[in-house]
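Trainee: One structure, pasted below without further comment.
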DNA sequence: GCGTCCAGGTCTACC
DNA sequence: GGTAGACCTGGACGC
C-alpha cells in the first residue's frame, strides 16, 4: 500500500498518524474481493480557486474516503460505500487552480440505473468540495490575525467529506479515550478483518467495513478480533441504528441547518459532541485534548494548564471568533501547523 | 517487575 | 439539569 496517511491529526476522512506506520492495510487474500467491472466517467468543474492536490491529499495526511487509497501523478484511486454498494472512484486533475477540471471515473459491480448514476455524480462532486465557494471565507480570513497566515499557504484547498456516515462515525469512536497508536491499531484491525477489497482499474483497495456487515457481528466477536474494548458495543449499536434505514443520508445532513444536522448525529450511539463535529458533512469545531492545546496557544498565547478542563473554554472562544466559519478555520489551521508555528513564533505541537 | 496513571469522549446513575 | 465515575487497553513512568 502507499501512504503516509494519518499524519498528525485525524478528523474528517480518516487521518492522523499514519495507519501505515502502525500496521499496513493490505488487500490480504483472506479478505472478500469485489470486482468492480462496470464504469462510467464524467467531468467536474469545481469553483475556483481549487487546488486538486491540497484538496484530495491534505497536507496533514487526511485521506479522502479511506486509509488505503492510492495517490499517484495527480490521480487518486479510492473506494467508499454508498447505499450498501461498493464504489471505486478514480479522480484525475485535468485543470489548474484557477481553471479547475476533475475527471471522475466511477467503478461499480453492476450497471447503475440512470437516477442512481446522476445521484452518484452529484454526491461525488459535492464530496470533493466542487461546489464550495471559498471567496467568502477568504474575505473573512484575510482580516483575521491567525487565519491570514494560512490562506496563503493553502490557497485553493477545499473541504471534502466522505459519502459514508458509518466510516466517519467509527473513526470518531476509535479515537475516543485512546492514544493515537492504539486508535490506529484498532482501525487497521477493523479494516483488515471486516473490510472488503475492491478490485478496479488495476488497483486493489481495501474499503471500510459496512454498517450492513457490522450489524451482523456480535459485540464479543468485535472486541476479540479488534481489541476494541468498550468501543465494540458502540460500533455494533451504531451499525444497527444506521441499518434501521430511517437515519438521514449524508446529502440530507448537508442540506440541513448545521445545528439540526448535529442534533441528528448526536442520536447515534457512541457519538457525542466532539464526534458529531467530526462526522457532520458541514463540520463543527471539534476540540479535544490534543487540539485544545493548539487552539489554546493560538487564542490565549499559552498552553492550557489542564487540557481536558480547557476544552469548553477554547471551543467557546473559537465559535465566538469564527462563527459559521469555525470549521473552515479549524480545517485550515490544522493543515498548516508547521508554517503557522514559524510565522507566529508559537510552538504548535503535532500529535 | 509491579502498580498507577491516563490517553484525541461518551454514557448513565445519582443527586 | 448537572456531574462524577465507569468504561477496554496498553504504554509510560516511578519506585
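Every read-out reported here was derived from the displayed coordinates using simple, explicitly stated rules and does not represent laboratory data. Every value quoted in this text rests on a predicted model; they were computed, and no experiment measured them. Using ideal geometry, Cβ is built from the backbone for each residue, glycine included, and neighbour counts are taken over all protein chains shown.
Trainee: Restricting the first residue to the stretch A:267-296 and requiring it to be in contact (Cβ under 8 Å) with a residue 40 or more places away in the chain and at positive phi, which pairs with a second residue that is part of a loop (DSSP other than H, G, I, E, B) and away from DNA strand C (no atom under 14 Å from the Cβ) meet a Cβ separation below 9 Å and a spacing of at least six or different chains?
Mentor: From the stretch A:267-296, the pairs are A:283/A:12; A:283/A:159; A:283/A:161.
Trainee: Turning to a different aspect of this structure: Under the condition of being part of a helix (DSSP H, G or I) and within 24 Å of residue A:181 (Cβ to Cβ), which residue from the stretch A:198-222 is farthest from DNA strand B (Cβ to nearest atom)?
Mentor: That would be A:221.
Trainee: Find the residue count for the stretch A:122-166, including only residues that are without any contact (Cβ under 8 Å) to a residue 40 or more places away in the chain and in a loop (DSSP other than H, G, I, E, B).
Mentor: The qualifying residues number 3.
Trainee: Further, regarding this structure: Does the stretch A:271-280 contain any residue that is touching a helix residue (DSSP H, G or I) at 6+ places or on another chain (Cβ under 6 Å) and under 22 Å from residue A:192 (Cβ atoms)?
Mentor: For the stretch A:271-280, residues touching a helix residue (DSSP H, G or I) at 6+ places or on another chain (Cβ under 6 Å) and under 22 Å from residue A:192 (Cβ atoms): absent.
Trainee: Same structure again: Can you confirm whether the stretch A:166-187 contains a residue that is more than 21 Å from residue A:295 (Cα to Cα) and more than 16 Å from DNA strand B (Cβ to nearest atom)?
Mentor: No, that holds for no residue.
Trainee: What tally of residues in the stretch A:302-319 results from selecting those that are out of contact with any helix residue (DSSP H, G or I) (no Cβ under 9 Å at 6 or more places or on another chain) and either more than 16 Å from DNA strand C (Cβ to nearest atom) or on the phi > 0 side of the Ramachandran plot (or both)?
Mentor: Of the residues in the stretch A:302-319, 1 are out of contact with any helix residue (DSSP H, G or I) (no Cβ under 9 Å at 6 or more places or on another chain) and either more than 16 Å from DNA strand C (Cβ to nearest atom) or on the phi > 0 side of the Ramachandran plot (or both).
Trainee: Hey, another quick one. Among the residues in the stretch A:223-239, are any touching a helix residue (DSSP H, G or I) at 6+ places or on another chain (Cβ under 9 Å), farther than 26 Å from residue A:179 by Cα, more than 16 Å from DNA strand B (Cβ to nearest atom) and without any contact (Cβ under 8 Å) to a residue 40 or more places away in the chain? Full working, then the answer.
Mentor: Of the stretch A:223-239, the ones touching a helix residue (DSSP H, G or I) at 6+ places or on another chain (Cβ under 9 Å) are A:223-239.
This time we only want the ones that are farther than 26 Å from residue A:179 by Cα, so: none.
Looking through the stretch A:223-239, none of the residues is touching a helix residue (DSSP H, G or I) at 6+ places or on another chain (Cβ under 9 Å), farther than 26 Å from residue A:179 by Cα, more than 16 Å from DNA strand B (Cβ to nearest atom) and without any contact (Cβ under 8 Å) to a residue 40 or more places away in the chain.
Trainee: Another question about this same structure. Would you mind telling me which numbered condition in (1) within 18 Å of residue A:330 (Cβ to Cβ); (2) within 14 Å of DNA strand B (Cβ to nearest atom) residue A:160 fails?
Mentor: Of everything listed in (1) within 18 Å of residue A:330 (Cβ to Cβ); (2) within 14 Å of DNA strand B (Cβ to nearest atom), residue A:160 misses just condition (2).
Trainee: On to the next question. State which residue pairs qualify: first residue assigned to a loop (DSSP other than H, G, I, E, B) and inside the stretch A:105-121, second residue surrounded by fewer than 16 Cβ atoms within 10 Å (Cβ to Cβ) in any location, beta carbons under 8 Å apart, and separation of 6 or more residues or different chains.
Mentor: Hits for this filter: A:109/A:35; A:109/A:37; A:109/A:38; A:110/A:38; A:111/A:38; A:112/A:38; A:112/A:40.
Trainee: Which members of the stretch A:71-101 meet the condition of being surrounded by 14 or more Cβ atoms within 10 Å (Cβ to Cβ) and over 18 Å from residue A:54 (Cβ atoms)?
Mentor: Correct list: A:77, A:79, A:80, A:81, A:82, A:85, A:86, A:87, A:88, A:89, A:90.
Trainee: Those residues that are within 28 Å of residue A:178 (Cβ to Cβ) and within 20 Å of the chain's Cα centre (by Cα), I need them from the stretch A:240-257; list them, please.
Mentor: A:242, A:247, A:250, A:253
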